[in-house]
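The values are calculated or read from the model by the stated rules, or taken from the named source; none is laboratory data. Keep in mind it's a predicted model, so treat the numbers as computed, not measured. Cβ placement follows ideal geometry from the backbone for every residue including glycine, while neighbour counts extend to all protein chains displayed. Areas reflect the complete protein model, heavy atoms only, side chains present, ligands, DNA and RNA absent. Shrake-Rupley method; radii C 1.70, N 1.55, O 1.52, S 1.80 Å.
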Amino acid sequence: MIDLKPYRLKISNINTIQDSKFTYRTKTWSKLNPEVKHLIQDFENKDITREDVIKSYNQYYNNSRDYLRAFLLTMVWGFADTGYGTHRTNNYISSEANLKAIKEAIDAVKQNDLKKAFNTLKKIKGLGVSYITKILYFATRGANHIHYALIYDIRVASALVQLTSPKEVFDIVTISPSNKYPDYVKYNAMLHSLAEKYQLQAESIEMFLFEQKFD
């Protein structure tokens, strides 16, 4: 098990849902599909926090608002100013099959069927585990699941190894997160177990791992 005792205070001070945010810059996202751009126009050139994205899923589940709004906010929050986010997002929503898969996955989360949601999203070409788990994190938080899913990307995977391996080993390996659902279940269970052990928020541990500020 990972020893978080040296970092407990630092992690407890992380305000994950407010501090983890990115700006939706319309210049960067100017080529976003015009047929859907209006769904998130209220965030144009404004910060999008985790709380904002969680709220969008909660609104969909409770008020039948457009599921695509929640998906788009997830993508903008995730890609931020990378430059290629617009192209990839447009590809994800480019077909009826993909749109159906996105809605089915988000609806499956509401029914607490995370396995179905995970495997349905995997059918979308180019959508890797990093963004699949972003959707599952925000959706499970929006559905008010106690043991919500967590984001699992290459930085988090790298941090897990960094905290548990000698530096001379860590420095010579390449690390990627597993894209297998059973492994994702283990990852979620591990972080929630750590959260319970150290009396922390699981999402704060995930953000701590992502930031890799271990000094």
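Give me the percent of accessible area attributable to carbon and sulfur for the chain, probe 1.4 angstrom.
That fraction is 48 percent.
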If the cut-off is 19 Å between C-alpha atoms, which aspartates and glutamates fall inside it for Lys125, apart from same-chain ones fewer than 8 positions away?
Glu96, Glu104, Asp153
Within 14 Å, Cβ to Cβ, of Ile14, how many net charges do the neighbouring residues add up to if Lys/Arg are +1 and Asp/Glu are -1?
0
Please sort through the DSSP H helices of the chain and keep those with an alpha-carbon extent of at least 24 Å along the long axis and a Kyte-Doolittle average not below -0.5.
none
Cα lying deepest toward the dipole's positive end in the chain, options Ser130, Gln199, Phe118, charges on Cβ:
Phe118
Just the number please: accessible area per residue for the chain, 1.4 Å probe, all protein chains included, in Å².
52 Å²
Under 5 Å, built H, 5+ apart or other chain: amide partners of Ile48
Phe22, Thr23, Tyr24
Might you report the magnitude of the Cβ-based charge dipole of region 1-124 about its Cα centre, with Lys and Arg at +1 and Asp and Glu at -1, to the nearest 20 debye?
280 debye
Using a Förster distance of 30 Å, the FRET efficiency for Asn33-Lys10 (Cβ separation, nearest 0.05)
0.15
Less than 16 Å apart at the alpha-carbon level, and either on another chain or at least 8 residues along: which lysines does that give for Lys110?
Lys55, Lys100, Lys134
What is the distance in Å between the Cα centroid of region 159-213 and that of region 1-60?
21 Å
Magnitude of the charge dipole, the chain, Cβ model with Lys/Arg +1 and Asp/Glu -1, debye to 20
340 debye
Cut-off 10 angstrom, C-alpha nodes, Gaussian network model of the chain. Which of Ile135, Ile205, Ile146 fluctuates the most?
Ile146
With a cut-off of 8 Å between alpha carbons and a minimum separation of six or more residues, what is the relative contact order of region 144-215 in percent?
42 percent
From the helices alone, meaning DSSP H stretches of at least four residues, give me the mean residue ellipticity at 222 nm for the chain, per-run term -39500 (n - 2.57), in deg cm²/dmol to the nearest 500.
-16500 deg cm²/dmol
Report the residue, chosen from Gly78, Gly126, Gly142, that carries the largest GNM mean-square fluctuation when the chain is represented by alpha-carbon nodes joined by springs under 10 Å.
Gly126
Identified option (computed volume of the Cα convex hull per residue in Å³; candidates (i) 140; (ii) 166; (iii) 125):
(iii)
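Can you tell me how region 1-129 classifies by the Cα gyration tensor, rounded, prolate or oblate, using a/c under 1.5 as the rounded cut?
Numbers: a/c = 1.68, a/b = 1.26, b/c = 1.34.
Taking the square roots of the gyration eigenvalues as a ≥ b ≥ c, region 1-129 is oblate.
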In the neighbourhood of Ser30 defined by beta carbon distances under 12 Å, the net charge of the other residues (Lys, Arg +1; Asp, Glu -1) is +3
Return a whole-number percent for the relative contact order of the chain, with Cα pairs under 8 Å and 6 or more residues apart as the contact set.
22 percent
